[in-house]
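The values are calculated or read from the model by the stated rules, or taken from the named source; none is laboratory data. Here the structure is a predicted model, which is why all the values come from computation and not from measurement. Here the Cβ positions follow ideal geometry from the backbone for every residue, glycine too, while neighbour counts run over all protein chains shown. These area figures cover heavy atoms from the full protein model, side chains too; ligands, DNA and RNA do not enter into them. Shrake-Rupley method; radii C 1.70, N 1.55, O 1.52, S 1.80 Å.
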Amino acid sequence: MENKSVNKSIIKSLNKADFIKNLSNDIVNIINEYFFNRDNELVIKINLKDLKKICLYFSKDLKFYLLSAFAAYESGYASSGKTYSKNRSDNYKNNNKTNDNNSGDDIDDNNKSNNFKLRYIFSHSSMDLFIIIETYADADGIFPSLSADMPVLNWYEREIKDLFGLIPEGHPDPRPLMLFPENYPQDIKNKDDFANDAHDDNTYVPPLNKDNVADNTETDADKLNIGNSANDMQNRNSFNFNSAKCHPLRKDYPSDLRPEFKKYGEYNYNKDVKGDGVFNILVGPVHAGIIEPGHFRFCMSGEPILQLEIRHFWKHRGIEKIAEGKTIDEALSLAEKISGDHCVAHSLAFLSAAEKILDIKISDRGLYLRTIYAELERLLCNINDFAWLFQDAGYSFGAQETFVLKEDIMELNKYLSGSRFNKGVLSLGGINACGDIDELKKKILLEKLPDFKKRYLNLKKMLLNSSTIQERFEETGYINKETVLDL
């Protein structure tokens, strides 16, 4: 059990340089290297065997929230099987950074790693600090699943498995998350499953070693629908579905490779709940509204929902793979199109990463204008969600009034930037000319925002004072805060 006073000193410490010193000694001893990537980004490198220990420490003991987890391929990485010496480790604990950039030093003794780095991103509500835990999958592409202890990692680990072929060993639900067997080859499992596999044609092959990529056969090539460029043909000649595995974010997976469109298998749903009065309701993936597809399987007994199973990602578009090799301008245009309602947010996220890498500083005016457009988009999306509170409760009058407010916000966007969704406003290093706000636009903006606020508050009052709506909201979809935090 961690000392609460120590944890409190960590969270409230204003001197981020002392952060590592305040950690538990058990945690400090397993850190191979740490450095500040930015003032508020602390990178901590560890051995794979210590991943669970340090993630649970930040999540359970220090109450950090996991923001994301993902994998990345490092083409220049060469595993050496070395570890830091005790003296060298002590140097890191004293916050003395080394000049040795050999990432192979991060891996365990006698356990050579592969080229795939795993990153786990944590943050805390009381600190302007991101913790980035870095390690490597082992030589067979296996890493320990933490989903049983940290349910928030469930989908992240399954996504890594689908897109990279890495195996989250011990995952409680290793089914595919987005590459469904109804139309995509299934070639990767938990390694332990192969001992009892009844299918002789589905043998385990470590998915990450490029030595496993065999020459393509005529039969395999005939099944692929790929381009004819020199690079595509080279990749095609070195790719084999049976040995290289079909995981799109691997670098040896050609960008326009398409498996044959056919049914490869069945998705294994959870067993339905049985009992007197229990019935099932299946919804989707095709819906009546203009929304993304999703399949929901409800097992119910009267009003209570006994089990809900969800399948999303039916229209996963492979944005990350499409972006590979593109220029910054091309990738920015792609980022804008990820989600039409959120083009500013996605563009801003991409540009922030690119500007960080290129060490580009943004002017104060540029930051201010970016913030205005980001806030207008946030306002638009929140008003849209607010309208659907009315709509889903069956109160169409309130919904339509709120949709009118949403339309007026979009008209303001059109006036300011020429786009109802503010597309094309952001650029590398600042904003484009179409996004500049002169004195006249500033005047209109200052006139419109108070009106939007007044109308929203009236709609909010209507919602909260309607007994019809409140009867449908109360005790509907209720969940304890503690349950959410545990997830």
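Here are the numbers for this structure:
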item	result
Scan of the range 388-419 for residues that are farther than 21 Å from Lys443 by Cβ and assigned to a loop (DSSP other than H, G, I, E, B), ordered by number	Ala393, Gly394, Tyr395
Condition met for Glu439 (open to solvent by 20 Å² or more (accessible area, probe 1.4 Å), over 15 Å from Cys381 (Cα atoms) and of a type in the set (Asp, Glu))	yes
Residue match in the range 419-427 (condition: touching a Cys at 6+ places or on another chain (Cβ under 7 Å), of a type in the set (A, V, I, L, M, F, W, C) and open to solvent by 40 Å² or more (accessible area, probe 1.4 Å))	yes
Identity of the residue in the range 62-78, closer than 16 Å to Val152 by Cβ and outside any strand (DSSP E or B), that ends up most open to solvent (accessible area, probe 1.4 Å)	Lys63
Count of residues meeting criterion [open to solvent by 50 Å² or more (accessible area, probe 1.4 Å) and small (Gly, Ala, Ser)] in the range 248-293	3
Residue ID - nearest to Ala148 (Cα to Cα), chosen from residues in the range 442-487 that are basic (Lys, Arg) and open to solvent by 90 Å² or more (accessible area, probe 1.4 Å)	Lys481
So Leu358, is it modelled with pLDDT under 95, of a type in the set (A, V, I, L, M, F, W, C) and touching a strand residue (DSSP E or B) at 6+ places or on another chain (Cβ under 6 Å)	no
Residue in the range 23-44 that is closer than 15 Å to Ile131 by Cα, open to solvent by 20 Å² or more (accessible area, probe 1.4 Å), at pLDDT 95 or above and not polar (S, T, N, Q) present	no
Qualifying residue in the range 366-384 (condition: more than 23 Å from Lys441 (Cβ to Cβ) and open to solvent by 10 Å² or more (accessible area, probe 1.4 Å))	yes
So Glu320, is it open to solvent by 70 Å² or more (accessible area, probe 1.4 Å), more than 27 Å from Phe164 (Cα to Cα) and charged (D, E, K, R)	no
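For every residue, the table says whether it meets (1) modelled with pLDDT of 90 or more; (2) touching a Leu at 6+ places or on another chain (Cβ under 8 Å).
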position	(1), (2)
Pro248	no, yes
Lys251	no, no
Lys262	no, no
Phe279	yes, no
Pro285	yes, no
Ile305	no, no
Arg317	no, no
Thr327	yes, no
